[in-house]
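Participant: If you scroll down you'll find the structure; I have some questions about it.
The values are calculated or read from the model by the stated rules, or taken from the named source; none is laboratory data. Because the structure is a prediction, the values reported are computed rather than measured. We place every Cβ from the backbone using ideal geometry, glycine too, and count neighbours over all the protein chains shown.
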Amino acid sequence: MKFGEIFGNFRKKQSSPKEAPSHWVKCSKCQSLMYFKEIEHLFNVCPKCGFHMRITAQQRIDLICDEGSFTEFDSSLAPVDPLKFVDKKSYKKRITEATAKTGRTSSVISGACAINGVSAQIVVFDFGFMGGSLGSVEGEKIVRAINRAIENKEGLIIVSASGGARMQESTFSLLQMSKTSAALTKLSDAGLPFISVLTDPTMGGVSASFAWLGDVIITEPGSLIGFAGQRVIKQTIGADLPEGFQRAEFLLEHGLIDMIVQRSNMKKTISDMLKFFGKNYKKDGYELKIKA
Amino acid sequence: MATYLDFEKSIKQIDEDIASARIKADNHAVEILEKELEKEVSKTYKNLSDYQKLQLARHPDRPYAIDYIRLLLQDSYELHGDRAFKDDLAIVCYIGYIAERKVMVIGEQKGRGTKNKLKRNFGMPNPEGYRKALRMAKMAEKFDLPVLFLVDTPGAYPGIGAEERGQSEAIARNLYEMSKLNTKSVSVVIGEGGSGGALAIGVADRVAMMRYSVFSVISPEGCAAILWNDPAKQESATKAMKITADDLLGFDLIDDVIEEPITGAHRDKVAAAKVLADYFIKSLEEMDQLSDEDRMNKRYERICSMGAFEEK
């Protein structure tokens with residue numbers, strides 16, 4: 001027995017983060033510490049530097065949907081392992097772990113909701129479930145949400161946060177890109193709006209399919225959005241990448257998105273878009289008033 | 001500080017006198033001076049030469065597209081980008097409400113002040129700007145939104161990048177697509193309508209011009225340089241090309257002249273925005289009476305009726 005270990009037994013064991021949850025949150029950009037209640041109140045946006053921290057799918061739904069208006073659909077859809085895929089762990093094991101972690105069987109939550117009183121179909125990605133990856137279940141859920149939107153003549157909102165297509169389903173997941181994109185043509189033919197919200201991060205097969213097909217594309221400040229990952233690009237071209245590369249502001253400058261919206265304004269912006277492009281909504285009580 | 005043009009010197013003098021009388025609280029003098037101003041204004045502006053009108057069209061204080069948009073649109077949002085290359089800031093697109101109607105406004109934007117002028121590229125769009133306008137117009141078509149185009153540009157940007165990306169193709173594509181865009185559209189020249197760069201968002205069900213705006217195949221400077229071999233002959237070129245709103249209405253090349261305040265839109269932006277909005281709404285109401293097919297046929301016939309020739 002080593003000397004240190006003898007004394008180690010007498011030392012007080014430090015509590016793990018799980019036993020005593022920290023009430024302090026550190027901003028990953030400016031490193032300042034903040035009390036968790038303050039941060040929650042500000043929709044997880046750093047009050048010091050305005051950094052938009054990542055939030056869970058449930059927090060996203062709470063942020064956007066009217067209280068108690070969200071009804072989940074298709075939660076019974078579960079993935080299978082068609083390829084018997086094994087990397088460091090088997091796909092089956094990864095699914096089991098992700099399910100245990102998030103309490104869900106897929107990386108998207110889909111359902112009907114109301115946003116400032118306007119009814120809509122919403123699909124939200126959960127980055128916590130296998131990096132928000134797009135597999136067969138996710139693709140099917142999106143198509144079903146599109147079909148519900150067409151049936152009910154409602155707008156569709158997809159909030160993306162994803163690393164891309166799910167490698168463990170290989171070509172099955174690749175073809176979810178064409179499946180979701182094709183379904184969106186039906187929504188477009190019906191003249192219904194699709195508001196695509198790209199959040200940090202939206203990459204690969206998700207950004208290169210439905211996510212970039214929005215009638216209106218909205219992002220949050222500083223979000224990382226692109227096709228190929230920065231490490232891959234760096235290795236391929238053998239050069240450093242410019243500052244702010246693939247961030248929301250970069251995309252706006254390059255004409256790829258419609259607007260960058262602060263998280264605190266997100267709900268109002270989405271509902272205004274649904275009202276403006278939606279079929280059923282008519283604004284009353286407007287007169288021609290020239291503002292001086 | 002207001003900017004006065006050469007021919008507005010006498011007006012500038014009276015304006016200054018009024019301001020100093022106001023400071024002295026001499027109401028009587030203000031009254032007299034205001035009457036004098038009125039007389040001077042009608043004298044000065046009644047017989048403006050074409051070149052003076054051109055100067056008014058380019059007046060630095062003249063309201064630009066965003067000035068009108070801020071005055072007209074309620075609950076507005078700006079949409080960005082051609083979704084391909086770059087967000088061209090020389091063309092702006094807003095959605096919002098004008099008198100209960102959902103509308104889209106697409107306009108060419110000049111900048112005010114050096115920094116903004118550079119940002120807006122002096123109101124000279126690149127191909128991506130025209131592609132942005134087309135993308136937005138297609139979106140308006142999809143959601144059945146009437147479109148108001150606000151034309152105000154010296155011309156499409158002449159640059160290396162612009163040629164590489166197909167400036168001509170972008171303008172041509174717009175002329176082609178806008179002629180068959182299935183939604184109500186009105187195009188208004190609010191300042192300078194310079195050449196193909198203006199026409200690329202100037203194809204619509206109705207085309208109107210503000211009283212002091214110009215619309216021409218080339219800038220008078222360009223014309224003078226080419227045909228007179230002397231850029232200083234721009235005054236002669238302006239006169240020869242017949243580019244003012246009244247002239248073009250006389251030739252039936254545009255549908256209407258919008259009567260902005262006689263002293264120019266820059267003296268009373270709110271009044272100018274009001275007549276513009278009234279014209280837009282009146283046009284839409286008249287178009288409401290037509291079926292989509294009739295309206296589209298009318299637009300096509302209008303576009304194809306342009307030209308002067310004789311057949312022997």
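Participant: Collect the residues in the range B:83-95 that are closer than 29 Å to B:D278 by Cβ and at the interface with chain A (Cβ under 8 Å from one of its Cβ atoms), keeping them in residue-number order.
Facilitator: B:I95
Participant: Please specify each residue of the range A:225-255 satisfying the condition of being within 14 Å of chain B (Cβ to nearest Cβ) and not in a loop (DSSP other than H, G, I, E, B).
Facilitator: A:I225, A:A248, A:E249, A:F250, A:L251, A:L252, A:E253, listed by residue number.
Participant: So which helices (runs of 4 or more DSSP H) stay within the range B:196-296 end to end and still have 1 or more residues that are touching a Lys or Arg at 6+ places or on another chain (Cβ under 7 Å) and touching a residue at least 40 places away in the same chain (Cβ under 8 Å)? Can you show your working first?
Facilitator: Numbers: elements: B:220-223, B:234-241, B:245-250, B:269-288.
Qualifying helices (runs of 4 or more DSSP H): B:245-250, B:269-288.
Participant: Next question, about the same structure. Please determine whether any residue of the range B:103-111 is within 11 Å of chain A (Cβ to nearest Cβ) and either on the phi < 0 side of the Ramachandran plot or not polar (S, T, N, Q) (or both). Full working, then the answer.
Facilitator: Narrowing the range B:103-111 to residues within 11 Å of chain A (Cβ to nearest Cβ): B:103-104.
Those left that are additionally either on the phi < 0 side of the Ramachandran plot or not polar (S, T, N, Q) (or both): B:103-104.
The answer is yes; a qualifying residue exists.
Participant: Taking into account only those residues within the range B:57-82 that are aliphatic (A, V, I, L, M) and closer than 16 Å to B:L276 by Cβ, which is nearest to the other protein chains (Cβ to nearest Cβ)? Break it down into steps so the answer makes sense when it comes.
Facilitator: Initial filter on the range B:57-82 (aliphatic (A, V, I, L, M)): B:57, B:65-66, B:69, B:71-73, B:79.
When the remaining residues are screened for being closer than 16 Å to B:L276 by Cβ, the result is B:57, B:65-66, B:69, B:71-73.
Values: B:A57: 22, B:A65: 16, B:I66: 13, B:I69: 11, B:L71: 5, B:L72: 7, B:L73: 9 Å.
Only one residue tops the list, namely B:L71.
For every residue, the table says whether it meets (1) modelled with pLDDT under 95; (2) outside the structural domain of A:M273 (by TED's automatic domain parsing); (3) closer than 30 Å to A:D66 by Cβ.
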{"site": "A:S90", "(1), (2), (3)": "yes, no, no"}
{"site": "A:C113", "(1), (2), (3)": "no, no, yes"}
{"site": "A:V118", "(1), (2), (3)": "yes, no, yes"}
{"site": "A:E140", "(1), (2), (3)": "no, no, yes"}
{"site": "A:V143", "(1), (2), (3)": "no, no, yes"}
{"site": "A:K153", "(1), (2), (3)": "yes, no, yes"}
{"site": "A:L184", "(1), (2), (3)": "no, no, yes"}
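Participant: Examine the range B:93-105 for a residue that is part of a loop (DSSP other than H, G, I, E, B) and either in the same structural domain as B:K282 (by TED's automatic domain parsing) or acidic (D, E) (or both), and state whether such a residue exists.
Facilitator: Of the range B:93-105, the ones part of a loop (DSSP other than H, G, I, E, B) are B:99-100.
Filter again for either in the same structural domain as B:K282 (by TED's automatic domain parsing) or acidic (D, E) (or both), leaving B:99-100.
Yes, the range B:93-105 contains a residue that is part of a loop (DSSP other than H, G, I, E, B) and either in the same structural domain as B:K282 (by TED's automatic domain parsing) or acidic (D, E) (or both).
Participant: Next question, about the same structure. Is it the case that the range A:183-206 has a residue that's within 14 Å of chain B (Cβ to nearest Cβ), of a type in the set (S, T, Y), in a helix (DSSP H, G or I) and out of contact with any Ser or Thr (no Cβ under 8 Å at 6 or more places or on another chain)?
Facilitator: yes
Participant: Are any residues in the range B:258-286 closer than 21 Å to B:V203 by Cα, more than 11 Å from every other protein chain (Cβ to nearest Cβ) and surrounded by 19 or more Cβ atoms within 10 Å (Cβ to Cβ), and if so, which ones?
Facilitator: Selection gives B:I258, B:Y279, B:S283, B:L284.
Participant: Could you pull out the residue among A:I109, A:I150, A:I157, A:I122 that is touching a residue at least 12 places away in the same chain (Cβ under 8 Å), of a type in the set (A, V, I, L, M) and in a helix (DSSP H, G or I)? Please lay out each step first, then the result.
Facilitator: Values: A:I109 fails: in a helix (DSSP H, G or I); A:I157 fails: in a helix (DSSP H, G or I); A:I122 fails: in a helix (DSSP H, G or I).
After applying the criteria, what remains is A:I150.
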